[in-house]
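Right, one structure below, let's go through it.
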Amino acid sequence: MNSRPIWIHHIGQLATLKPLRTGPKIGMDMSDLGLIKDGSLWIEKGKIEAVGKTAQLKRVYAGRLREAEVIDAGGRLMTPGLIDPHTHLVYGGTREEEFEMRLQGASYMEIMNAGGGIHATAKKTAAASFTTLLNEAKNRLNQFLQHGVTTIEGKSGYGMSLETELKQLRVMRELNENHPIDIVPTFMGAHAIPKSYTGREEEFVEEIIESMIPAVQEEGLAEFIDVFCEKDVFSIEHSKQILEAGKAAGLIPKIHADEIVSTGGAELSAQIGAISAEHLLKTSIDGIKAMADAGVIACLLPATALFLGEEPANARKMIDMGVPIAVSTDCNPGSSPTVSMPLVMNLACLMMKMTPAEALTAATYNAACAINREAQLGSIEIGKQADLVLWKIGSYQELQYLFGVNHTHSVWKKGELVVNGFS
């Protein structure tokens, strides 16, 4: 950790994302970025000690400037480090052949039911060594970092067996200990029904509950539990059983809901007390209302909708009805092979009609809320971790307007400069 204090000054536009109240931002609050013109930060021991205008902090710290590392931001935009709250980080192999199959008319579920999709990746992940998975995931993390991402959530789920699920989660644990990006782990043994359990789905649900969850709990490998609640995958009843068992073991529930068809997954997320529901392309108005009433965060994945050729989730209706929104890459080998959160913010505006301010909120503060990290991350406030991105542009509007381009200049993680655009 940097022992010297850091003074960053002449930030053209400092987007603090400071919330007005506890909990995720909803409605009009999603547009409040807490902007400071000609902003400045003082950082000590990896934490933010002061936030304000350059002239103000220069007066306050006049007697300490000689001891500090002084960084001129050159009038650029600074935001909190981006947070990706839904990824499938650790997996083996690729599935580029399925991309061409979809372009020729095959659906996501048709490919999966034919042995492709999640099943294909599970087979490759089981065959890959721990070291291979570690190195491949590390390369992806490096790319995330170059795109301004400082924290991600990572799901297992390409195991569908105890051994491979644990292998994925152990890879994430090692990466979290040795890579600048913080990784928040989610156990998702309920990602698909193995072909060997066709017609015996109850037995696989029992295996998840009786064997996998206790093993994950014993090693402390996950903070959250997730289920792919979908037609021909895990039913509402089975999803509820698995999530309740996870809760009893101390895991916080998340849920893949209403991606392909509306099955009532959003309503279940509210009933079960999930921190977030993910995808939500086909969620009903009743499901949206249930989420709003329960305070469930909608984690929306516009890059996945684009890649699959589907209509995106109805973000505008969700925001209007009071649902807090986060956005994510859904980084995975089959339906969203991207590591670019800046692109996801662009797509949130272009495909889901979110405003540039809402998109930035969804990729920072609300994303932190979706992984239970808002006390430490997601906004630039006194006492929070100094996870920061300096962009090559001057305003948050430019960040969303100039789409498909990586504008990252420099990245700090816990006060350490981990991507250096000044050299």
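The values are calculated or read from the model by the stated rules, or taken from the named source; none is laboratory data. Predicted model, so just to flag it, every value in this text is computed and none were measured. All Cβ positions, glycine included, derive from the backbone under ideal geometry; neighbour counts span all protein chains shown. These accessible areas exclude ligands, DNA and RNA; they are computed on the full protein's heavy atoms, side chains included. Shrake-Rupley method; radii C 1.70, N 1.55, O 1.52, S 1.80 Å.
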Legend entry - Selected residue (criterion: farthest from L77 (Cα to Cα)) from residues of the range 318-350 that are among the aliphatic types (A, V, I, L, M), in a loop (DSSP other than H, G, I, E, B) and open to solvent by 10 Å² or more (accessible area, probe 1.4 Å): M321
Legend entry - Single residue of I393, I380 found to be in contact with a Ser or Thr (Cβ under 6 Å, 6 or more places away or on another chain), in a loop (DSSP other than H, G, I, E, B) and touching a residue at least 60 places away in the same chain (Cβ under 8 Å): I380
Inset, instruction - For residues that are surrounded by 18 or more Cβ atoms within 10 Å (Cβ to Cβ) and either on the phi > 0 side of the Ramachandran plot or touching a Ser or Thr at 6+ places or on another chain (Cβ under 8 Å) (or both), tally how many sit in the range 229-247. - result: 2
Inset, instruction - Answer yes if at least one residue in the range 281-290 is under 19 Å from the mean Cα position of the chain (by Cα) and surrounded by 24 or more Cβ atoms within 10 Å (Cβ to Cβ), and no otherwise. - result: no
Inset, instruction - Mind counting the residues in the range 183-196 that are modelled with pLDDT under 95 and open to solvent by less than 70 Å² (accessible area, probe 1.4 Å)? - result: 3
Legend entry - Test result for L377, within 13 Å of the chain's Cα centre (by Cα) and surrounded by fewer than 24 Cβ atoms within 10 Å (Cβ to Cβ): yes
Inset, instruction - Would you mind listing the helices (runs of 4 or more DSSP H) fully within the range 83-200 where at least 1 residues are closer than 27 Å to V327 by Cβ and among the aromatic types (F, W, Y)? - result: 96-103, 108-113, 130-146
Inset, instruction - Take the range 304-316 and flag every residue that is over 9 Å from L280 (Cβ atoms) and open to solvent by 10 Å² or more (accessible area, probe 1.4 Å). - result: L306, F307, L308, G309, E310, E311, P312, R316
Legend entry - Pair list, Cβ < 8 Å and 6+ apart or interchain, from the range 216-228 residues that are farther than 25 Å from C299 by Cα and open to solvent by 20 Å² or more (accessible area, probe 1.4 Å) to residues that are part of a helix (DSSP H, G or I) and basic (K, R): E219/R170
Legend entry - Flag for A137 being open to solvent by 20 Å² or more (accessible area, probe 1.4 Å) and either free of Cβ contacts under 8 Å to residues at least 60 places away in the same chain or in contact with a strand residue (DSSP E or B) (Cβ under 6 Å, 6 or more places away or on another chain) (or both): no
Inset, instruction - Six or more apart or on different chains, Cβ under 7 Å: which pairs go from a residue in the range 30-49 that's of a type outside the set (D, E, K, R) to one that's at pLDDT 95 or above and open to solvent by 60 Å² or more (accessible area, probe 1.4 Å)? Could you list them? - result: G34/K18; I36/K53; G39/K53; S40/K53; W42/E49; I43/E49; G46/K414; I48/I382
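Based on what the data block shows, is L17 surrounded by 19 or more Cβ atoms within 10 Å (Cβ to Cβ) and either part of a helix (DSSP H, G or I) or modelled with pLDDT under 95 (or both)?
Details: surrounded by 19 or more Cβ atoms within 10 Å (Cβ to Cβ): yes; either part of a helix (DSSP H, G or I) or modelled with pLDDT under 95 (or both): no.
Criteria not met by L17.
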Inset, instruction - Could you identify the single residue in I225, I260, I255, I242 that is hydrophobic (A, V, I, L, M, F, W, C) and in a helix (DSSP H, G or I)? - result: I242
Legend entry - Subset of the range 111-131 (residues that are loosely packed, with under 15 Cβ neighbours inside 10 Å and either hydroxyl-bearing (S, T, Y) or under 19 Å from L306 (Cβ atoms) (or both)): S129, T131
Legend entry - Residue list for the range 129-177, filter: of a type in the set (G, A, S), closer than 22 Å to T329 by Cβ and touching a Pro at 6+ places or on another chain (Cβ under 8 Å): G148, G154, S156
Inset, instruction - Please work out if M28 is among the aliphatic types (A, V, I, L, M), within 27 Å of the chain's Cα centre (by Cα), modelled with pLDDT of 95 or more and surrounded by fewer than 17 Cβ atoms within 10 Å (Cβ to Cβ). - result: yes
Legend entry - Search result, residues across the range 68-82 that are surrounded by fewer than 20 Cβ atoms within 10 Å (Cβ to Cβ), in contact with a Lys or Arg (Cβ under 9 Å, 6 or more places away or on another chain) and in a loop (DSSP other than H, G, I, E, B): A68
Legend entry - Top-ranked residue of the range 199-245 - restricted to ones that are farther than 10 Å from F187 by Cβ and aromatic (F, W, Y), ranked as nearest to the chain's Cα centre (by Cα): F228
Legend entry - Tabulated pairs, the range 402-416, first open to solvent by less than 20 Å² (accessible area, probe 1.4 Å), second in a loop (DSSP other than H, G, I, E, B) and acidic (D, E), C-beta under 6 angstrom, 6+ apart or interchain: K413/D387
Inset, instruction - Taking the options R200, R170, name whichever one is out of contact with any Gly (no Cβ under 8 Å at 6 or more places or on another chain) and under 22 Å from V339 (Cα atoms). - result: R170
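Could you tell me whether E207 is charged (D, E, K, R) and buried (at least 19 other Cβ atoms within 10 Å of the Cβ)?
So E207 fails the test.
Based on what the data block shows, is K18 closer than 29 Å to K155 by Cα and touching a residue at least 24 places away in the same chain (Cβ under 8 Å)?
Criteria met by K18.
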